[in-house]
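Student: The structure's right below; bear with me while I get my questions together.
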Amino acid sequence: MSGSAYETTNKYLQDGFDALGLNPKTEHMLKTPSREVRVELVITRDDGSVGNFIGYRVQHDNARGPFKGGLRYAPSVNRDEVQSLASLMTWKTALIDVPYGGAKGGIQADCRDLSTSEVERLTRRLVETVHEFIGPTEDIPAPDMNTDGQVMAWLFDEYSNFHGFEPAVVTGKPVDVHGSVGRDAATGRGCMFALREVMNYDGEQLEGTDIAIQGFGNVGSWAARLLHEKGANIIAVSDITGGYCDPTGLDIPAVYEHVVAEGDLETFDDADAISNEELFTLDCDVLMPAAIGGVLTEENADDVQADYVLEAANGPTTYPADKILENRGVTCIPDIYANAGGVTVSYFEWTQNIQHFSWNETEINDQLEERFVDAHEAIRQTMEEEDVSMRVAAFMNAIERVCHATEMRGLQ
Ligand code: NAD
């Protein structure tokens, strides 16, 4: 049995605790979420019927700063998944060293069944229900699966109806609505920096590297475009409708244009159609899950042919699969490092909102790059000193920072 998403995160966390030799009381405190809010959101559907949607916000830890984490809309959202994602945010913000804690939210909803105005009503109803628990110094949501700049703009607007003009309540807003340049691309750009750092350390280059990517939404499509620009061959991409493969390298700008025009990859006919499951076992250098959690399992880990797994998605690798990959010498670049670009530029957006000042894109991208280089150096140092995997080293560095803040503030 692979275990639930939250169990998986806690097992990874426990490996970090064990390597650091923490006492059980501290471990228990660091594992336990601070607050969980469950809501039932009732909206009037376009046809006049009533829609009832369950939502969660889990605030995991705020020793280092306000709770921070995305908001996803998906049918699979449940309490366990949100608990797992909230905890991951605590370790991600600590590892990349932005002054936040960790949180996550989600609404159990299939956006393909909802009109734009229904998504807007659902978002506004969520804010009406949870506005007392969020805020620029309390808890700052951001986009995640099926939520984008538009959803963040509604969230900002509705929160401001209760508390006055307050753009810093949420990040990932459109640039014209107090968002930051570079935020849309940030998670994909961070993935590119993470992969470059790890491969350069091994004496390898991005140029000419064969990469297969599951998920062609915000993260997957930006990572594909940026890696393509660096000369990597994106040999396969997929989304919820299926995948496409060309061992000589896909024409990524054409794939992107198709998705912008059609809404998804379905009907792309310039490459061989493959299933999402086949994508994981393709002959490539880098496998990049950039969609949902729990996709690399005991069932397929032995068949992964890539040398690197770049965890662009949150929690894509189950605990047993991680051990299989590690034993086979596959380097897993853990989610808390690989996909930390989004929260890093979210921090820059929040900072700009608070200062009522905007930075230019060069400044944003340079500062993002610097944080990825620094975090990689720190991870390498721990890997060498402690003889542990990249994931354990990343968790150790993050846990040490959260522990230190907890102790210094006297929160124990
Ligand atoms: P998105 O909604 O923009 O895109 C999701 C993509 O995954 C789409 O292409 C969708 O078709 C595909 N997908 C969904 N279900 C699938 C399935 N069952 N099989 C195959 N493909 C499927 O979401 P996103 O923002 O790109 O997020 C993707 C992942 O990255 C999530 O795990 C998210 O938590 C993580 N992440 C996102 C950000 C961010 O800034 N957006 C930051 C850090 C981590």
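Student: Please enumerate the residues belonging to segment 119-148 that are under 20 Å from the mean Cα position of the chain (by Cα), of a type in the set (A, V, I, L, M) and farther than 15 Å from SER160 by Cα.
Tutor: Once the filter is applied, which keeps residues that are under 20 Å from the mean Cα position of the chain (by Cα), of a type in the set (A, V, I, L, M) and farther than 15 Å from SER160 by Cα, segment 119-148 yields ALA142, MET145.
Student: Mind listing whichever residues of segment 80-112 are modelled with pLDDT of 95 or more, surrounded by fewer than 24 Cβ atoms within 10 Å (Cβ to Cβ) and among the charged types (D, E, K, R)?
Tutor: Matches in segment 80-112: ASP80, ASP97, ASP110.
Student: Now a separate question. Just name the residue that is farthest from THR344 (Cα to Cα) out of those in segment 116-174 that are aliphatic (A, V, I, L, M) and away from the ligand (no atom under 15 Å from the Cβ). First the steps, then the outcome.
Tutor: Here is the first cut: in segment 116-174, the ones aliphatic (A, V, I, L, M) are 119, 122, 126-127, 130, 134, 140, 142, 145, 151-153, 155, 168-170.
Still in the running and away from the ligand (no atom under 15 Å from the Cβ): 122, 126-127, 130, 134, 153, 168-169.
Details: LEU122: 27, LEU126: 25, VAL127: 24, VAL130: 24, ILE134: 19, ALA153: 19, ALA168: 14, VAL169: 16 Å.
Selected residue: LEU122.
Student: Filter the helices (runs of 4 or more DSSP H) completely within segment 327-412 down to those with at least 2 residues that are at pLDDT 95 or above and more than 16 Å from the ligand (Cβ to nearest atom).
Tutor: Counting at least 2 such residues, we get 341-355, 361-386, 390-409.
Student: Next question. Just one of the numbered conditions (1) surrounded by 18 or more Cβ atoms within 10 Å (Cβ to Cβ); (2) within 12 Å of the ligand (Cβ to nearest atom) is not true of SER76; which one?
Tutor: Result: SER76 fails condition (1) only.
Student: If you scan segment 311-326, which residues turn out to be more than 11 Å from the ligand (Cβ to nearest atom) and not in a helix (DSSP H, G or I)? So that I can check it myself, show each step before the final result.
Tutor: Looking only at segment 311-326, we keep the residues that are more than 11 Å from the ligand (Cβ to nearest atom), and these are 317-326.
Within segment 311-326, THR317, THR318 meet the criteria.
Student: Just need a number here: residues in segment 154-179 that are of a type outside the set (Ser, Thr, Tyr) and over 17 Å from THR129 (Cα atoms).
Tutor: Quick first cut of segment 154-179, residues of a type outside the set (Ser, Thr, Tyr) only: 154-158, 161-170, 172-179.
This time we only want the ones that are over 17 Å from THR129 (Cα atoms), so: 165-168, 172-179.
Final tally of qualifying residues: 12.
Student: Only one of ILE235, ILE252 is closer than 23 Å to ASP335 by Cα, in contact with a strand residue (DSSP E or B) (Cβ under 8 Å, 6 or more places away or on another chain) and more than 8 Å from the ligand (Cβ to nearest atom). Can you tell me which?
Tutor: Among ILE235, ILE252, only ILE235 is closer than 23 Å to ASP335 by Cα, in contact with a strand residue (DSSP E or B) (Cβ under 8 Å, 6 or more places away or on another chain) and more than 8 Å from the ligand (Cβ to nearest atom).
Student: A further question follows. Cβ-Cβ under 9 Å, sequence separation 6+ or interchain: first residue in segment 1-21 and closer than 12 Å to GLY315 by Cα, partner of a type in the set (A, V, I, L, M) and modelled with pLDDT under 95. Which pairs?
Tutor: Sorted first by the residue in segment 1-21, then by its partner, the list stays empty.
One line per residue, one yes/no per condition, for (1) out of contact with any helix residue (DSSP H, G or I) (no Cβ under 8 Å at 6 or more places or on another chain); (2) among the acidic types (Asp, Glu); (3) not in a strand (DSSP E or B):
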position: ASP15; (1), (2), (3): no, yes, yes
position: ASP46; (1), (2), (3): no, yes, yes
position: GLY51; (1), (2), (3): no, no, no
position: SER76; (1), (2), (3): yes, no, yes
position: GLN83; (1), (2), (3): no, no, yes
position: ALA86; (1), (2), (3): yes, no, yes
position: MET89; (1), (2), (3): no, no, yes
position: THR93; (1), (2), (3): no, no, yes
position: PRO99; (1), (2), (3): no, no, yes
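Student: Go through segment 321-330 and report how many residues are crowded, with 18+ Cβ neighbours inside 10 Å and closer than 28 Å to VAL343 by Cβ.
Tutor: So the answer is 4.
Student: Where residues in segment 217-228 are among the hydrophobic types (A, V, I, L, M, F, W, C) and in contact (Cβ under 8 Å) with a residue 60 or more places away in the chain, which of them is farthest from the ligand (Cβ to nearest atom)?
Tutor: Going residue by residue through segment 217-228, those that are among the hydrophobic types (A, V, I, L, M, F, W, C) are 219, 222-224, 226-227.
Narrowing the set further to residues that are in contact (Cβ under 8 Å) with a residue 60 or more places away in the chain leaves 219, 223.
Numbers: VAL219: 4, ALA223: 9 Å.
If we take residues in segment 217-228 being among the hydrophobic types (A, V, I, L, M, F, W, C) and in contact (Cβ under 8 Å) with a residue 60 or more places away in the chain, then ALA223 is farthest from the ligand (Cβ to nearest atom).
Student: Continuing with the same structure: Looking only at segment 376-410, count every residue that is under 21 Å from GLY65 (Cβ atoms) and hydroxyl-bearing (Ser, Thr, Tyr) and tell me the total.
Tutor: The total comes to 1.
The values are calculated or read from the model by the stated rules, or taken from the named source; none is laboratory data. Keep in mind it's a predicted model, so treat the numbers as computed, not measured. In this analysis, Cβ positions are derived from the backbone assuming ideal geometry, glycine residues included, and neighbour counts consider all displayed protein chains.
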